[in-house]
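What follows is a short report on a single structure.
Rule-based calculations on the coordinates, nothing more; no lab input. Keep in mind that this is a model prediction, so the values were computed, not measured. Don't worry about glycine lacking a Cβ; one is built from the backbone with ideal geometry, like all the others, and counts go over all protein chains shown.
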Amino acid sequence: MKRLHPSLVLLLAAILGYGLLIPQLGFYWDDMPMSWIRYELGPEAMARYFSTNRPVWGLLYQVTTRLLPQVPVYWQIFALLWRWLGAVAAWGIVRELWKDKPRFALSVALLFLLYPGFNQQWGSYLYSHFFIVLFFFLLSIFLMLRRKAIPALILSALNLWMMEYFFPLEFARVGFLWLSLRDEYPDPRDRIRPTLRLWAPYLAVFALAVLSRLFIFNNQIYGFGLMSKLESAPLDALLALLRNVFVSLWLVLVAAWTQMFAAINPSLHGVRTITLYVAVILAALTIAIFFLFKQNEDSGRRQDSFHAIGLGFFLLPFAGAPFWLTGLTISLAHPASRFTLPFMFAVCLIVAGLINLIQLPRLRYALLAVLIAFAAGRQFLWSTDYLRDWQSLKNLFWQMTWRAPGLKPNTIVLMNEELTFYADNSLSPSLSWIYAPDKRSDQIDYVLFYPTNRLNSALPALQPDIPIEYDYIAGHFDGNTSQAVAFYYDPPACLRLLEPDIDKNNHFILAESFMRDAAVLSDSDRILTSSEAAMPAIYGPEPAHSWCYYFQKADLARQLRDWEEVVELGEAAFKLDDHPNNPVERFVFIEGYAHVGDWERAVKLSRESYKVSKAYVGPLLCRLWERIETETTGGVERDAALSEIETMLACNP
């Protein structure tokens with residue numbers, strides 16, 4: 001410990017948990033629309049975006065985005081640094097409150113740093129700014145404990161005016177003051193006046209912030225839904241609130257830590273990922289053992305542990321207030337795990353305090369080391385999930401541009417909800433970025449909707465001729481459901497532009513996705529065959545041309561009715577060391593071979609597709625061959641092929 005400062009120990013742990021895959025990670029969730037608005041539409045558009053909810057926080061973005069380019073790796077490092085600085089501030093607070101317990105301070109800080117209730121660290125453009133505000137709050141507490149009132153008040157004001165997540169925690173700073181004066185004023189009665197005297201300036205800043213939100217800027221992002229429920233059904237509302245509180249506390253205090261020991265799926269993560277996961281756990285375990293076991297610290301007074309636990313429980317209601325009062329459900333799943341952020345410091349004080357009650361030092365530090373190691377491993381494993389989703393996103397857009405080199409303005413793209421860490425709001429800006437890269441106006445040409453998310457709201461129904469207006473705050477979209485294309489994405493299968501006559505009855509498309517209904521709206525005439533798309537640099541480089549590349553190019557050639565090109569692409573595709581991952585991917589080549597008169601090859605590919613699932617593929621092949629029969633002219637080979645298909649499929653008229 002004397003040779004290596006605790007801040008460096010925390011940095012090592014941060015890199016192990018969050019930093020190993022940083023060069024390969026991208027933008028996620030709100031990173032996509034927010035960075036597109038700022039970098040592509042400009043600072044004024046960013047100001048409009050924040051004008052209705054968090055304008056002061058928006059000023060922070062104006063500063064940071066002038067320093068960092070729209071390159072994911074810079075933002076990933078930036079977010080990691082602020083996460084680390086927050087842990088250093090947490091260490092400083094505990095060190096001030098328990099000056100004779102450096103190991104306890106490091107324990108709390110490591111648990112805080114790697115807290116497994118929050119699993120969205122890699123949404124770096126968004127959450128780096130969350131962690132900046134959290135750092136302001138924690139540093140304000142630390143400086144307050146050091147009696148540095150002026151900078152502490154400034155940082156307190158920044159936290160209060162920027163966002164609501166850590167707003168009520170400001171009121172809880174009285175608990176820190178009360179505890180810090182325990183040695184100077186052992187009698188609680190003597191401690192009241194000095195505590196209130198020290199708290200008064202911060203309470204004044206808090207009151208000023210409350211008044212400003214009530215009378216100057218009261219258009220907050222969340223409404224106090226609890227009040228209306230209390231007025232209409234007070235007993236039910238109170239019972240629901242109590243349930244929400246108890247479930248939330250169980251999640252942040254207990255369930256969050258059990259996630260660390262979730263079973264690993266070898267088929268999903270693979271040998272390399274599992275090997276790295278084990279290496280991260282072992283490395284974190286080594287660090288924790290070395291710095292916690294070295295010069296073992298006695299547990300000291302049990303009263304110190306109770307003080308830590310008490311302070312933690314005192315903070316919990318203030319941490320949960322923003323969500324309980326607005327009716328938001330705290331969850332450990334993405335994206336609601338962000339609601340655990342205000343709880344982190346309180347929870348880690350409680351956990352470390354409980355463990356510190358164990359009188360056997362080796363057992364105490366062994367338990368802490370295991371928690372820290374598995375928390376680091378769990379965070380690393382989540383980073384691999386983000387990496388896979390980023391790769392899947394890039395693959396999606398490359399395939400889309402291969403299939404649709406251009407899109408007519410005012411086009412709605414309908415797609416299933418396949419990606420884990422992206423909402424449809426996350427993907428809409430990418431369409432504008434790709435298909436209208438030079439446009440800077442507030443009129444948005446493209447929007448992407450998940451029917452599962454937008455049906456009966458922004459998307460009233462999956463029926464033609466319904467006007468669609470969508471406000472993106474920084475811009476506005478005007479379109480119509482008759483100006484839509486529908487894609488289905490189910491990797492490792494290729495992205496598919498849905499066809500109304502084929503896919504409305506395609507049972508490979510999950511019914512709950514509503515994409516069979518969306519297929520009826522899919523109009524390939526919205527696709528411009530000239531190359532207008534410009535893939536942003538962050539999605540590069542272009543993937544190797546495997547099966548899906550040839551499939552997309554062949555489907556585009558089919559749209560142009562260039563059957564020779566379809567066949568040429570088919571010949572190249574079938575020579576690859578690759579294959580279709582969905583039998584419908586052969587359909588474009590079946591149609592192509594039929595149109596050039598290679599009926600034998602068309603029938604052969606039909607048989608291969610039919611074997612995959614007779615119940616699912618048979619009806620789709622019937623629709624395809626009906627189209628082929630209508631669009632081709634008679635002949636002996638054609639008639640023989642149609643007869644063979646009829647015998648095989650027994651299509652209904």
Along each of its three principal axes, how wide is the spread of alpha-carbon positions in region 404-542, in whole angstrom units, largest first?
40, 34, 30
Gyration tensor over alpha-carbon atoms, region 87-191, equivalent ellipsoid semi-axes in Å:
26, 18, 11
Based solely on its DSSP helices, what 222 nm [θ] is calculated for the chain when runs of n ≥ 4 H residues each add -39,500 (n - 2.57) and the sum is averaged over all residues, nearest 500 deg cm²/dmol?
-19000 deg cm²/dmol
Put +1 on the Cβ of each Lys and Arg and -1 on the Cβ of each Asp and Glu in the chain; which of TYR422, TRP390, LEU311 then has its Cα farthest toward the positive end of the dipole?
LEU311
Net charge (Lys, Arg +1; Asp, Glu -1) of residues whose beta-carbon lies under 15 Å from that of GLN120, GLN120 excluded, is -1
Give the list, by residue number, of cysteines in the chain with no other Cys Cβ closer than 4.7 Å, or say none.
CYS348
Segments 361-371, 28-38 sorted - mean Cβ within 10 Å per residue, highest first:
28-38, 361-371
Could you work out Rg/(2.2 N^0.38 Å) for the chain, with Rg from alpha carbons only?
1.14
Using mean Cβ contacts within 10 Å as the protection proxy, how do 559-568, 591-600, 351-360 order, highest first?
591-600, 351-360, 559-568
What does the C-alpha gyration tensor say about the overall shape of region 544-653? Classify as rounded when a/c is under 1.5, otherwise prolate if a/b is larger than b/c, or oblate.
oblate
Using a/c under 1.5 as the rounded threshold, could you call region 6-388 rounded, prolate or oblate? The axes a ≥ b ≥ c are square roots of the C-alpha gyration tensor eigenvalues, and prolate needs a/b larger than b/c, oblate otherwise.
rounded
Between region 311-372 and region 5-82, the alpha-carbon center distance in angstrom
25
Expected sort for 81-87, 616-622 on mean C-beta neighbours within 10 Å, highest first, is 81-87, 616-622
Can you give me the distance in nm between label points at LEU455 and SER212, each placed 7 Å from the Cα along the Cα-to-Cβ direction?
4.5
Could you give the length gained by full extension between THR326 and ASP438, i.e. 0.36 nm per residue of separation minus their alpha carbon distance, to one decimal place?
36.3 nm
Work from the charge dipole of the chain (Cβ charges, +1 for Lys and Arg, -1 for Asp and Glu, about the Cα centre) and give the residue of HIS579, THR340, SER441 farthest towards its positive end.
THR340
Taking R0 as 41 Å and r as the Cβ-Cβ distance between LYS611 and ILE466, the FRET efficiency 1/(1 + (r/R0)^6), rounded to the nearest 0.05, comes to 0.50
Once phi for every residue in region 497-510 is put through the Karplus expression 6.51 cos²θ - 1.76 cosθ + 1.60 (θ = phi - 60°), the whole-Hz ³J(HN,Hα) values, with Gly and Pro written as x, are 6, 6, 10, x, 6, 8, 8, 5, 10, 8, 7, 6, 8, 4
Taking amide H atoms as placed 1.01 Å from N in the peptide plane, list the residues 5 or more away in sequence, or in a different chain, whose amide H sits under 5 Å from that of THR411.
VAL447
Please figure out what share of the DSSP beta bridges in the chain is antiparallel and state it in percent, rounded to the nearest 5.
45
Express in nm, to one decimal, how much length is gained between ALA279 and PHE246 on full extension, taking 0.36 nm for each residue of separation and deducting their alpha carbon distance.
8.3 nm
Using a cut-off of 9 Å between beta-carbons, work out the net charge of the residues near PRO583 (Lys and Arg +1, Asp and Glu -1, PRO583 not included).
0
Kindly state, to the nearest 0.05, the FRET efficiency for LYS575 paired with ASN480, given R0 = 35 Å and r defined as their beta-carbon distance.
0.25
With labels modelled as points extended 7 Å from the Cα through the Cβ direction, what inter-label distance (nm, one decimal) is found for ASP501 paired with ALA544?
3.7
Tally Lys/Arg at +1 and Asp/Glu at -1 over every other residue whose Cβ is under 14 Å from the Cβ of LEU60; what's the total?
+3
Positive-end residue, the chain charge dipole about Cα centroid, Cβ charges, pick of VAL63, GLY42, PHE136
PHE136
With labels modelled as points extended 7 Å from the Cα through the Cβ direction, what inter-label distance (nm, one decimal) is found for ARG272 paired with LYS408?
4.4
Toy charge model, Lys and Arg Cβ at +1, Asp and Glu Cβ at -1: the chain dipole around Cα centroid in debye, rounded to 20, equals 4280
Using modelled backbone amide H atoms (1.01 Å from N, in-plane), which distant-in-sequence or interchain residues come within less than 5 Å of ILE466's amide H?
THR481, SER482
In debye to the nearest 20, the charge dipole size for region 68-155, taken about the Cα centre with +1 at each Lys and Arg Cβ and -1 at each Asp and Glu Cβ, equals 320
For Cα pairs less than 8 Å apart in space and 6+ apart in sequence, what is the mean separation divided by the residue count of region 544-653, i.e. the relative contact order in percent?
21
Computed over the chain: relative contact order in percent, which uses C-alpha pairs under 8 Å that are six or more apart
14
VAL73 label point, 7 Å along Cα→Cβ, cut-off 20 Å on backbone N: hits in region 17-57?
17-28, 32
Mind pulling the angle between the C-alpha long axis of helix 55-67 and the longest principal axis of the chain? Nearest 10 degrees, somewhere in 0 to 90.
70
Estimated vicinal HN-Hα couplings, Hz - region 159-167 in sequence order (Karplus 6.51, -1.76, 1.60; Gly, Pro = x):
4, 5, 8, 8, 7, 8, 4, 10, 4
